[in-house]
Amino acid sequence: MRKIILCTVLLSLVTLGGCATRKHDIVIDPKGVDMGNYSQDLAECKQISRQVDSKVGKRAVGGAIIGGVAGEIIGNKNSTKNGAKLGALGGGLRGAAATKRERTRVVKNCLRRRGYAVLN
């Protein structure tokens, strides 16, 4: 069981590290675009995207509940604790990914409204 937990934690840290280093994955058609203005507009759109509520906490709580229930069904007190921990971790990771996707969508829509041809 400890090996499973260790593998899960390590995999999660690698996943979180990848999320932390990636920028918004936005591709625009640069033809006729003043890149100075684009940089300013992109910064403003990213600032607007921060209004999106983080889904990490909600998903972590949901994951902990589901994991705890699953652990309770499977076995003993330790299974319940470990299930809740793993569920919270998984839920938090899914919440972080959902938040990033929604914020990227907001940035893309913002840029489109400002006249940029967003290609992805």
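Bear in mind these aren't lab numbers, they're just calculated from the coordinates by the rules spelled out. Note that the structure is a prediction, hence the values are computed from the model and not measured. Here the Cβ is made from the backbone with ideal geometry for all residues, glycine too, and neighbour counts use every protein chain on show.
Round to the nearest 0.05 the FRET efficiency obtained for Asp34 and Arg101 when R0 = 25 Å and r is the Cβ-Cβ distance.
Working: r = 29 Å, r/R0 = 1.15.
FRET efficiency, Asp34 to Arg101: 0.30.
Full-extension gain between Val27 and Leu119, please, as 0.36 nm times their residue separation minus the C-alpha to C-alpha distance. Let's see the in-between values first.
Numbers: separation 92, 0.36 × 92 = 33.12 nm, distance 0.55 nm.
Gain on stretching Val27 to Leu119: 32.6 nm.
What does the highest-first list of 96-105, 79-88 look like by mean Cβ count within 10 Å? The partial results should precede the final answer.
Values: 96-105: 16.5, 79-88: 19.6.
In decreasing order of mean packing, 96-105, 79-88 become 79-88, 96-105.
Suppose R0 equals 25 Å; then what is the FRET efficiency for Gln51 and Arg112 from their Cβ-Cβ distance, rounded to the nearest 0.05?
Numbers: r = 17 Å, r/R0 = 0.69.
Here the calculated transfer efficiency is 0.90.
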